[in-house]
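Take a look at the structure below.
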Amino acid sequence: MTMESDKFICIREKVGEQNQVVIIDLSDPTNPIRRPITADSAIMNPASKVIALKASRTLQIFNMEMKSKIKSRDSYVDTEFVFALAKTNRLAELEDFLGGPNNGHTQQVGDRCFDEAMYEAAKLLYNSVSNFARLASTLVRLGEFQAAVDSGRKANSTRTWKEVCFACVEGEEFRLAQICGLHIVTHADELEELISYYQDRGYFEELIALLEAALGLERAHMGMFTELAILYSKYKPQKMREHLELFWSRVNIPKVLRAAEAAHLWAELVFLYDKYEEYDNAVLTMIMHPSDAWREGPFKEIIAKVANLELYYKSLQFYLDYKPLLLNDLLSVLAPRLDHTRAVSFFTKVKELQLARPYLRSVQNHNNRAVNEALNTLLMQEEDYQGLRASIDAYDNFDSMVLAQMLEKHELVEFRRIAAYLYKSNGRWAQSVELCKKDKLYKDAMQYAAESQDSDLAESLLQWFLGEGHKECFAACLFSCYSLLHPDLVLELAWRHNITDFTMPYFIQVMREYLTKVSSLEPQITSSPFISDKRSNAGQSQTTPVCRIL
């Protein structure tokens, strides 16, 4: 007896000497069908009243409704017979039948078996017609993943590879899944679905391993490098920097930028901004996240390339807050494009001008007014009078009168001396000399009086020396201001103060100068016709001189 389906039961029996086949229709079990048939085996079609009888190597098929024998060469007969064998799970007989000549529609039967989950039979059927795509689908349902991969390789279809790959993932056969995945990732349109399938099931490590293995493929494309970078940003951030340094030119930078920002990978974000030539964003990222993103070398390289110069002043504030000792290194990079006047104003506002002194020194050669004034102020605060004097002499673009007024009240005499020098430079001779007199800078006072070419100023200084009892300074002033003094005034002062000895060198010089002038005029006077006539007339009237000048 055989239970062919849920519709028929086929029984072979022997009554006396006669063999017969009993067919019981389960929808009408009280009326069995009996036929005197001799056969080794009998099988009913599960869908219709068609019976197949086999005796030795002979096969006969009867349509019981039409009460006719179906020709064995009819494709319908072979097709239904194959399906009947598959339905009854007679796989050995099915395999033998398929191995011989037949007219059945094997592909069609295979599809019917597949749809009814008769995968073992479907495997034989698809294998017989070399339909490797459907065979692979069948094998994955049977759990034969290695065989499915082999069939997928023969089918070489993206759809088949996906089906086998996903089945291997579900079966946690990740090595085989990777083999399939390598044939999928090279198709950019399929990559996103594959990644989603892995990620939805939490197989991040396996997905990363798959993409890492795929990078060496000849058909590797930008999407693979990009998606791997994104996966690193989510699950293995420690490997992302190395990946970007190797393959930054092969990734979709805007897409990876968004992933790095979402993962708070600030150092990698700066690296990508730099490669994407978004230098402004790179600098802002380093300023906003210094502990993770800031590095001295890259920062100085990138800040020099920014388009928005406002970032220069943000970076200055950033360095003041976090790296004040490196401020001048930054300023040396910014100096070529920095507005020096604004920079001085910035440092003055934050009261950190002293910290920027090396920068001010380096840019003073531009003779910028704000720089000069700031540096002069620093030198005054540091009481470096020599540096201040050198700065004043070398760079003249500053408000000298304001500086002179500040220095005039300084507690150190050397700075007041510089104030007198500044007054002199601005033509305020009297004020300069007066300041020197207060600080007893007598040499400077005499020098400035002489440079002024003002006789009144020189004579008033001379009288002041006498009034203060500085006879030596009086004598020195006669020498310094020689050309500005009137001999009669000097003679009067010497007589009144009884200091003839101090004035004698002066008068000797005056006498010498006058005699030299007279000597130079004597030849001209002697040769004059007017003088000759007067001498002739004088000779006729008087031949002996009254007195003789020695």
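Pick from PHE174, PHE247, PHE204: which is more than 28 Å from TYR273 (Cα to Cα), among the aromatic types (Phe, Trp, Tyr) and surrounded by fewer than 22 Cβ atoms within 10 Å (Cβ to Cβ)? Checking each option against the conditions leaves just PHE174.
One line per residue, one yes/no per condition, for (1) modelled with pLDDT under 95; (2) in a helix (DSSP H, G or I); (3) β-branched (Val, Ile, Thr); (4) under 26 Å from GLN317 (Cβ atoms):
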residue	(1), (2), (3), (4)
GLY216	yes, no, no, no
PHE225	no, yes, no, no
ALA229	no, yes, no, no
TYR232	no, yes, no, no
LEU272	no, yes, no, yes
ALA282	no, yes, no, yes
ASP292	yes, yes, no, yes
LYS305	yes, no, no, yes
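Is it the case that some residue within the stretch 473-483 is part of a loop (DSSP other than H, G, I, E, B) and modelled with pLDDT of 85 or more? For the stretch 473-483, residues part of a loop (DSSP other than H, G, I, E, B) and modelled with pLDDT of 85 or more: present. Candidates ALA121, ALA188: the one that is out of contact with any Lys or Arg (no Cβ under 7 Å at 6 or more places or on another chain) and open to solvent by 40 Å² or more (accessible area, probe 1.4 Å) is ALA188. For GLU65, the stated conditions do not hold, so it cannot be described as modelled with pLDDT of 80 or more and open to solvent by 70 Å² or more (accessible area, probe 1.4 Å). Taken over the stretch 364-378, residues that are crowded, with 20+ Cβ neighbours inside 10 Å and either free of Cβ contacts under 8 Å to residues at least 24 places away in the same chain or more than 26 Å from GLU411 (Cα to Cα) (or both) amount to 2. For the stretch 133-148, how many residues are open to solvent by less than 50 Å² (accessible area, probe 1.4 Å), part of a helix (DSSP H, G or I) and more than 11 Å from GLU163 (Cβ to Cβ)? Of the residues in the stretch 133-148, 3 are open to solvent by less than 50 Å² (accessible area, probe 1.4 Å), part of a helix (DSSP H, G or I) and more than 11 Å from GLU163 (Cβ to Cβ). Screening the stretch 320-363 for residues that are under 30 Å from HIS289 (Cβ atoms) and in contact with a Lys or Arg (Cβ under 8 Å, 6 or more places away or on another chain) and picking the one that is surrounded by the fewest Cβ atoms within 10 Å (Cβ to Cβ) gives ASP329. None of GLU268, GLU277 is surrounded by 15 or more Cβ atoms within 10 Å (Cβ to Cβ), of a type in the set (Asp, Glu) and within 23 Å of VAL306 (Cβ to Cβ) except GLU268.
The values are calculated or read from the model by the stated rules, or taken from the named source; none is laboratory data. Keep in mind that this is a model prediction, so the values were computed, not measured. Reconstructed Cβ throughout: ideal geometry from the backbone, glycine too, with neighbour counts over all protein chains shown. For the accessible areas, the whole protein counts, side chains as well, though only heavy atoms, and no ligand, DNA or RNA atoms are used. Shrake-Rupley method; radii C 1.70, N 1.55, O 1.52, S 1.80 Å.
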